[in-house]
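Working notes, beginning with the structure itself.
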Amino acid sequence: TMAHSKGLLVLENFIGGRFVPCSSYIDSYNPSTGDVYCKVPDSGKEDVEAAVKAAKAAFPAWSSKSPLERSQILNKLADLIEHDLEAFAQAESKDQGKTITFARTVDIPRAVYNFRFFASSILHHTAECTEMATAGCLHYTFRTPVGVAGLISPWNLPLYLLTWKIAPAIACGNTVVAKPSEMTSVTAWMMCKLLEKAGVPHGVVNVVFGTGSKAGEALVCHPDVPLISFTGSTLTAQRITEKSAPHCKRLSLELGGKNPAIIFDDADLTQCIPTTLRSSFANQGEICLCTSRIFVQRGIYSEFLKRFVAEAKKWKVGNPSDPTVNVGALISKEHLEKVKNYVKKAQAEGASILCGEGVDSLALPPGNQKGYFMLPTVIAEVKDESCCMQEEIFGPVTCVVPFDTEEEVIERANGVKYGLAATVWSSNVGRVHRVAQRLQSGLVWTNCWLVRDLNLPFGGMKTSGIGREGAKDSYEFFTEVKTITIKH
């Protein structure tokens, strides 16, 4: 049953297989209207303590199940989420501000696939074995789950990124205490309602809602949580690293990006322009993999700019539940202000704003006047040193600048503190390989964007993070390896 207070949805923590009320709550807003949408627990130390205790108690039985038994449960959970796909998509769109189209086609299907993928991959790992004939010994490796995993996920792709952590953690036999973003907690709470039906034993998955500074910190500082997987800002990651250092915790950190797109003059613009619009503005630009620095070779610079801006102006901003809308609302009033300030700074530095914020007028439906909306914005004539070219903006803003040579553009693309993703557009195969190999970036897409094989490593270099996620990488992160030597 849904608990309501003044018609508002009230979420509860999920601990040891039961929903548990919290002593205080925080407001979560509907970004498309600016109204309070639901009440989220403002959990603290006691709530986290209870969740860790439940996870610890559930660990022995869960970790001793066979991979096949765990796999069947993960598949069942995937089926249940898929069965409620529309309800999850509606909730994600309303809670996060993203378009219903994006939630329906990207977020929720990927959450389902995360469980299916790890349900399958957990069945296919093999161990190493070596023989030392001279010593009459056989060595082999053995992997065991680590224990209670602390999982902290962000607000931009709420269920998608939460399940990308929960699935491998429990597939490997760990139990979990998860802390979704307090701004987007609804779909995590909805998922909790399906766990029992899927056959997930009590205490295997616990979800504690609240802020990073209270609930997140309590989780990171807990001595019985040996490993933390976090997706979010570099600043928060530094704090997590400091707080977990005394406990020597194992960390997986997936942080921000300032991702370049490099467009050579032999690029196929009919493919490049629509894809680069998506890579700049999809999910309101609130994806760590979004392109925010577009380097275009001088020969096609003016043609690219003209076509890119004309297409950007066609992107429709408005009510996220309208299936014809391309751009929904940004996550919060504060975040919208921050993103708009970057555009103001660029203007003050003498850059030209070619479309969007401050240039074109935004017409919103009557019910969305107080929502946190912004037009797709294209900035040109901006210097590489500008904060707009150095810092992660995380909104529908992209900078387009010209370049001359391959050598020059590689150096400029690498000239930021981040190194998460990059895209390269060229029809010259040799050049594509050369450039891709020299970019300081955990992921490089050439002539495409956001095509993901979950088998392969995902993660960043430099301040974009530590560690990788993927079939093999997540398995290695969520298990301890042991070398066993047998004298025969």
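The values are calculated or read from the model by the stated rules, or taken from the named source; none is laboratory data. For clarity, every value in this text was computed on a predicted model and none was experimentally measured. Cβ sites come from the backbone with ideal geometry, for glycine too, and all protein chains shown count toward neighbours. Areas reflect the complete protein model, heavy atoms only, side chains present, ligands, DNA and RNA absent. Shrake-Rupley method; radii C 1.70, N 1.55, O 1.52, S 1.80 Å.
See the values below:
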| item | result |
| --- | --- |
| Filter result (in contact with a Leu (Cβ under 9 Å, 6 or more places away or on another chain) and open to solvent by less than 10 Å² (accessible area, probe 1.4 Å)) within the stretch 63-74 | S71 |
| Close pairs from the stretch 439-453: first surrounded by 19 or more Cβ atoms within 10 Å (Cβ to Cβ), partner part of a loop (DSSP other than H, G, I, E, B), Cβ under 7 Å, at least 6 apart | L439/N414; S441/L420; G442/L420; G442/G459; G442/G460; G442/S464; L443/L420; W445/V451 |
| From G460, G465, G470, residue being under 28 Å from H139 (Cα atoms), crowded, with 20+ Cβ neighbours inside 10 Å and either in contact with a Phe, Trp or Tyr (Cβ under 6 Å, 6 or more places away or on another chain) or of a type in the set (G, A, S) (or both) | G470 |
| Sole exception among (1) surrounded by fewer than 24 Cβ atoms within 10 Å (Cβ to Cβ); (2) part of a helix (DSSP H, G or I) for I166, by number | (1) |
| Evaluation of A329 against (1) touching a residue at least 40 places away in the same chain (Cβ under 8 Å); (2) among the small types (G, A, S); (3) assigned to a loop (DSSP other than H, G, I, E, B); (4) closer than 28 Å to R412 by Cα (one fails), failing number | (4) |
| The stretch 113-144, residues that are out of contact with any His (no Cβ under 7 Å at 6 or more places or on another chain), over 18 Å from I170 (Cα atoms) and surrounded by 14 or more Cβ atoms within 10 Å (Cβ to Cβ) | H139, Y140 |
| L77 vs. criteria open to solvent by less than 10 Å² (accessible area, probe 1.4 Å) and within 19 Å of V204 (Cβ to Cβ) | yes |
| Total residues in the stretch 332-374, condition farther than 29 Å from L305 by Cβ and open to solvent by less than 20 Å² (accessible area, probe 1.4 Å) | 3 |
| Some residue of the stretch 419-427 being open to solvent by 40 Å² or more (accessible area, probe 1.4 Å) and assigned by the TED database to the domain that holds D384 | yes |
| Condition check for E381: modelled with pLDDT of 95 or more and either more than 30 Å from T175 (Cβ to Cβ) or among the aromatic types (F, W, Y) (or both) | yes |
| Qualifying residue in the stretch 129-140 (condition: of a type in the set (V, I, T) and touching a residue at least 12 places away in the same chain (Cβ under 8 Å)) | no |
| Cross-chain or 6+ apart pairs with Cβ under 6 Å, the stretch 46-71 first and within 17 Å of L219 (Cβ to Cβ), then of a type in the set (D, E) | V52/D224; K56/D224 |
| Identity of the residue in the stretch 227-253, under 19 Å from K56 (Cα atoms) and among the charged types (D, E, K, R), that ends up least open to solvent (accessible area, probe 1.4 Å) | K249 |
| Test: R116 is under 30 Å from Y29 (Cα atoms) and basic (K, R) | no |
| Positions within the stretch 424-438 being touching a Phe, Trp or Tyr at 6+ places or on another chain (Cβ under 8 Å) and either free of Cβ contacts under 8 Å to residues at least 60 places away in the same chain or not hydroxyl-bearing (S, T, Y) (or both), in sequence order | V424, W425, N428, R431 |
| Enumeration of residues in the stretch 190-214 that are open to solvent by 10 Å² or more (accessible area, probe 1.4 Å), in contact with a strand residue (DSSP E or B) (Cβ under 9 Å, 6 or more places away or on another chain) and more than 19 Å from G147 (Cβ to Cβ) | K193, T211, G212 |
| Members of the stretch 275-293 found to be surrounded by fewer than 24 Cβ atoms within 10 Å (Cβ to Cβ) and hydroxyl-bearing (S, T, Y), listed by number | T275 |
| Within the stretch 294-326, tally of residues that are touching a Pro at 6+ places or on another chain (Cβ under 9 Å), open to solvent by less than 70 Å² (accessible area, probe 1.4 Å), of a type outside the set (D, E) and assigned to a loop (DSSP other than H, G, I, E, B) | 5 |
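Here's the yes/no breakdown for (1) among the β-branched types (V, I, T); (2) within 18 Å of the chain's Cα centre (by Cα); (3) not assigned by the TED database to the domain that holds L439; (4) not in a loop (DSSP other than H, G, I, E, B):
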{"position": "K197", "(1), (2), (3), (4)": "no, no, yes, yes"}
{"position": "A218", "(1), (2), (3), (4)": "no, no, yes, yes"}
{"position": "H222", "(1), (2), (3), (4)": "no, no, yes, no"}
{"position": "I228", "(1), (2), (3), (4)": "yes, yes, yes, yes"}
{"position": "E242", "(1), (2), (3), (4)": "no, no, yes, yes"}
{"position": "A245", "(1), (2), (3), (4)": "no, no, yes, yes"}
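Yes/no per residue for (1) closer than 17 Å to Q96 by Cβ; (2) buried (at least 20 other Cβ atoms within 10 Å of the Cβ); (3) modelled with pLDDT of 95 or more:
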{"site": "V36", "(1), (2), (3)": "yes, no, yes"}
{"site": "S43", "(1), (2), (3)": "no, yes, yes"}
{"site": "V48", "(1), (2), (3)": "no, yes, yes"}
{"site": "A58", "(1), (2), (3)": "no, yes, yes"}
{"site": "A61", "(1), (2), (3)": "no, no, yes"}
